[in-house]
Amino acid sequence: MMTKRKRNEVVSIFGEIEMIVAQQMMTEGKGVGKLAPTDSVAIDDCPRSAVYNERGERARMVIVMPPHLMKEFERRIEELRA
């Protein structure tokens with residue numbers, strides 16, 4: 001029997017609060033990984049659609065996370081903004 005795994009989410013980080021939450025989740029070992037920038041991958045090495053948003057702003061970081069963590073990620077961002 002094969003089970004279908006959900007793909008990880010690729011998330012572009014543009015704001016300071018989002019970056020803080022992403023770094024916290026990485027530190028906590030939540031399964032969040034940094035795609036760029038790293039020692040071997042620059043932000044500009046990522047696809048243009050991941051580097052720039054609809055306003056033309058450049059991402060500060062690109063991360064990958066399991067889909068079940070997206071709600072927690074978004075909740076933490078909202079809590080810091082409140």
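Where a number appears in this text, it was derived from the coordinates with a stated rule and is not lab data. This is a predicted model, so every value here is computed, not measured. No Cβ is skipped: glycine too gets one built from the backbone with ideal geometry, and neighbour counts run over all protein chains shown.
Going by a ≥ b ≥ c, the root eigenvalues of the Cα gyration tensor, does segment 36-82 fall in the rounded group (a/c under 1.5), the prolate group (a/b larger than b/c) or the oblate group?
Numbers: a/c = 2.25, a/b = 1.59, b/c = 1.42.
Prolate, since a/c reaches 1.5 and a/b exceeds b/c.
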In the chain, trypsin sites (Lys or Arg not before Pro) in a DSSP loop with at most 11 other beta-carbon atoms within 10 Å: Lys4, Arg5, Lys6, Arg7, Arg55
Percentage relative contact order, segment 9-81, counting C-alpha pairs under 8 Å, at least six apart: 46 percent
Sites matching chymotrypsin sites (Phe, Trp or Tyr not before Pro) across segment 6-82 that sit in DSSP coil, with at most 16 neighbouring C-beta atoms within 10 Å: Phe14
Check: the chain dipole with +1 on Lys, Arg Cβ and -1 on Asp, Glu Cβ, in debye: 400 debye
Longest exposed-site-free window of the chain, the sites being GluC sites (Glu not before Pro) in a DSSP loop that have at most 16 other C-beta atoms within 10 Å: 1-27
